[in-house]
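Single-structure report; data block below.
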Amino acid sequence: MNNINHLGDQANGLRKMQKSQVTNTNHKVKVIAVTGGKGGVGKSNVSLNMAVALGQQGKRVLVFDADLGLANVDVMLGLRVEKNLSHLLAGECELEDILVEGPHGIRIVPATSGTRNMVELTPNEHAGLIRAFSELDSDYDVLIVDTAAGISDMVLSFSRAAQDVMVVVCDEPTSITDAYALIKVLNRDYGVFRFKVVANMVRSLREGQELFAKLSKVTDRFLDVALELVAIIPFDENVRKAVRKQKTIVDAFPKSPAAIAFKTLATRSSAWPVPDKAGGHLEFFIEQLVVPDA
């Protein structure tokens, strides 16, 4: 896709990073990739509820809908989108132009749905897409990257670039198998060692702990990785009701069990450290995606 060239070549992207580091050296952005391998585990719900909960806590949050072919974040929030990533890649606008505001001041980078060429970007085009983030004028505290399902190059690119990889699993054999496959590829091919795990839609605290134990048992046997259980989200009928209202459960039913769990996850994530080598803006995210291929 030649139109990606308008985002600038790799050298220009790195120069922008260096300039940003000079002007904004004190601000660091926490980048969290929310993934899971299998579809249907509630990954986007986790991303959005965590984002809104952080927004409620006064954090400046940017959500990147990185499911470039089957986007749904804007639909889940009932937001009107005039331009999306396809317009950006076509050279029709800048990244700032496509951002839409969600609840509690969070901002969304909308992808597109049903556009085949969006899921066939080359690794260099993935890098060009991420470099576009360096053009943003606003500062954010947290960037949440809601990846697609599976272990495509796109999912792996975004996951390996993030500071924290949060794997969402539910109590189904296929979910555990696919989560393991994702962790295995990221570990063996890209050297990702630490993974945060969210046990989603479980019936009890004990079920969540047992689910984490199942995943840990297989990773401990075959991989050299460190898993951390960061949240147990209970099955809650109010999640379905909130989805129908096109709202997050933390907004629609703030006192429900799942909403409380999401708020706890958001609070906990605020204490996760940002690596010292991260500069201002989103350089860490960009560097990790671009530099290994330089």
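Computed from backbone phi with θ = phi - 60° and the Karplus coefficients 6.51, -1.76 and 1.60, the 3J(HN,Hα) list for the stretch 218-226 is 6, 5, 5, 6, 10, 10, 9, 9, 10 Hz; x is used for glycine and proline. Legend: residue pairs K38/K245; K59/K247; K28/K184; K196/K217, Cα-Cα distance threshold 23 Å; pairs beyond threshold, K38/K245; K28/K184.
For S269, what charge total do you get from the other residues with a beta carbon under 10 Å from its beta carbon, if Lys and Arg give +1 and Asp and Glu give -1? Result for the neighbourhood of S269: +3. Counting Lys and Arg as +1 and Asp and Glu as -1 over every other residue whose Cβ lies under 13 Å from the Cβ of I232, the net charge comes to -1. Name the shape class, rounded, prolate or oblate, that the alpha-carbon gyration tensor gives for the stretch 38-104, where a ≥ b ≥ c are the square roots of its eigenvalues, rounded holds for a/c under 1.5, and otherwise prolate holds if a/b is larger than b/c and oblate otherwise. Judged from the Cα gyration tensor, the stretch 38-104 comes out oblate (a/c at least 1.5, b/c at or above a/b).
Read-outs throughout are calculated quantities, based only on the coordinates presented, and are distinct from any laboratory measurement. Since we're looking at a predicted model, the values are computed, not measured. As a convention, Cβ positions derive from the backbone with ideal geometry for all residues, glycine included, and neighbour counts pool all protein chains shown.
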